[in-house]
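Written below as structure tokens is the structure these notes are about.
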Amino acid sequence: MNHSLKDWILATRPWSFPASAMPVMVTVAWLWSRGFDVNWAFALWALVNIIFVHAAGNVWSDIADYKSGVDAKDTFGVRLLVDGQFTPEEFRRLSLTLNTIAIIGGLLLVWLTGPTLLYIGAAGILLSLCYPRLKYAALGDVVIILCYSLLPMSGTSFIVSGTIHWNVLWLALPVGLITVAILHANNVRDIETDHRAKIHTFPMLTGRRFGTWLYAFEVLLPFFWLLGLMIARVEPWWLGTAFLAMPVAVKNARTILAYERGGKESYANLDELTAKLQLMFSFLLILGLALNRLTINN
């Protein structure tokens with residue numbers, strides 16, 4: 001089949017990239033705000049590389065979902081394979097190409113920075129490849145918090161500054177929880193079709209009612225966690241800028257909690273809306289960190 005560049009890009013689900021890009025950017029902003037020396041070239045490299053890993057993982061996951069029957073004619077989400085716009089073989093080649101680029105870029109960074117990064121990067125690639133099987137065993141949330149919070153934030157810290165600054169991981173929970181909520185919104189919506197495909201996700205184990213409340217918890221706790229960090233003086237009060245995203249989080253929570261009235265169609269695109277919340281929340285965090293640095297300098 002002939003495909004345009006736009007088609008190939010859409011196949012990677014680019015709307016989800018804030019989930020991987022934001023942990024890197026928040027980490028770099030945190031280091032800069034604290035006065036650490038930042039290698040900006042390596043920071044950009046790390047950002048591009050993790051997006052390639054993410055894109056490869058998305059395509060790989062879509063192949064597994066299509067072959068296992070998770071994605072079908074009557075399901076929401078990606079339709080490129082289901083509708084026959086791409087073949088599984090084309091997706092396999094795309095995932096292999098993206099992973100190869102990411103691995104080469106990662107190995108070059110290991111050579112330039114040190115072997116510590118090898119273990120972090122290898123764990124990320126391995127979890128990405130194993131993600132479909134782990135997701136089908138109700139462990140997808142665990143993989144997400146590792147791959148899009150703890151691993152990239154510790155890895156970015158090492159890449160751009162030469163050491164892992166563990167205190168940056170105080171921000172891993174709020175950033176990671178909203179990312180987990182992206183997956184959770186998808187899984188709550190798809191309980192019936194996932195059951196038909198004979199897989200197991202966490203909302204299938206807990207039921208839809210608990211799953212909706214858990215989603216609300218995941219998008220609202222980050223704000224209370226930040227407040228606690230600021231009260232405890234672990235992080236500066238400038239991070240209160242992130243609270244400008246709270247109305248969006250509340251709206252998302254109310255949308256899914258009202259599922260009994262609107263049905264699952266009412267929150268069919270909540271995964272995309274949660275990705276936008278992640279983008280807004282993280283950018284506001286970065287703004288707060290930048291204001292803190294400028295205030296200290298002045």
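Just so it is clear, none of the values below were taken in a lab; they were calculated from the coordinates. As the structure is a prediction and not an experimental result, all values here were calculated from the model. As a convention, Cβ positions derive from the backbone with ideal geometry for all residues, glycine included, and neighbour counts pool all protein chains shown.
Could you check how many residues of segment 92-107 are more than 18 Å from Arg13 (Cα to Cα) and buried (at least 20 other Cβ atoms within 10 Å of the Cβ)? Please lay out each step first, then the result.
Let us first name the residues in segment 92-107 that are more than 18 Å from Arg13 (Cα to Cα), namely 100, 103-107.
Next, only the ones that are buried (at least 20 other Cβ atoms within 10 Å of the Cβ) stay: 106.
Selection size over segment 92-107: 1.
Just to be sure, is Ile144 buried (at least 21 other Cβ atoms within 10 Å of the Cβ), closer than 26 Å to Val188 by Cα and of a type in the set (A, V, I, L, M)? Quick ask: steps written out before the conclusion?
Numbers: buried (at least 21 other Cβ atoms within 10 Å of the Cβ): yes; closer than 26 Å to Val188 by Cα: yes; of a type in the set (A, V, I, L, M): yes.
Considered against the rule, which asks whether it is buried (at least 21 other Cβ atoms within 10 Å of the Cβ), closer than 26 Å to Val188 by Cα and of a type in the set (A, V, I, L, M), Ile144 comes out as yes.
Any chance segment 158-166 includes a residue that's crowded, with 19+ Cβ neighbours inside 10 Å and of a type in the set (Phe, Trp, Tyr)?
yes
Name the single residue, out of those in segment 1-52 being under 23 Å from Glu90 (Cβ atoms) and basic (Lys, Arg), that is farthest from the chain's Cα centre (by Cα).
The selected residue is Lys6.
Does Ala55 satisfy the criteria of being closer than 20 Å to Leu107 by Cα, surrounded by 23 or more Cβ atoms within 10 Å (Cβ to Cβ) and of a type in the set (Gly, Ala, Ser)?
Details: closer than 20 Å to Leu107 by Cα: yes; surrounded by 23 or more Cβ atoms within 10 Å (Cβ to Cβ): yes; of a type in the set (Gly, Ala, Ser): yes.
In short, yes.
Can you give me the number of residues within segment 5-49 that are closer than 19 Å to Phe86 by Cβ and touching a Phe, Trp or Tyr at 6+ places or on another chain (Cβ under 7 Å)?
Total meeting the criteria: 1.
Every residue in segment 108-132 that is loosely packed, with under 14 Cβ neighbours inside 10 Å and more than 18 Å from the chain's Cα centre (by Cα), please.
Correct list: Leu108, Trp111, Leu112, Gly114, Pro115, Tyr119.
Determine which member of the set Ser33, Ser20 is in contact with a Cys (Cβ under 9 Å, 6 or more places away or on another chain), in contact (Cβ under 8 Å) with a residue 40 or more places away in the chain and closer than 18 Å to Pro174 by Cβ.
Details: Ser33 fails: in contact with a Cys (Cβ under 9 Å, 6 or more places away or on another chain).
Testing whether each residue is in contact with a Cys (Cβ under 9 Å, 6 or more places away or on another chain), in contact (Cβ under 8 Å) with a residue 40 or more places away in the chain and closer than 18 Å to Pro174 by Cβ leaves just Ser20.
Please enumerate the residues belonging to segment 182-207 that are under 18 Å from Asn269 (Cβ atoms), of a type in the set (Val, Ile, Thr) and surrounded by fewer than 22 Cβ atoms within 10 Å (Cβ to Cβ).
Ile191, Thr193
Under 8 Å between Cβ atoms, which residue pairs at least 6 apart in sequence (or on different chains) link something in segment 200-226 that is over 21 Å from Leu139 (Cβ atoms) with a partner that is of a type in the set (D, E, K, R)?
Filtered contacts from segment 200-226: Leu226/Glu235.
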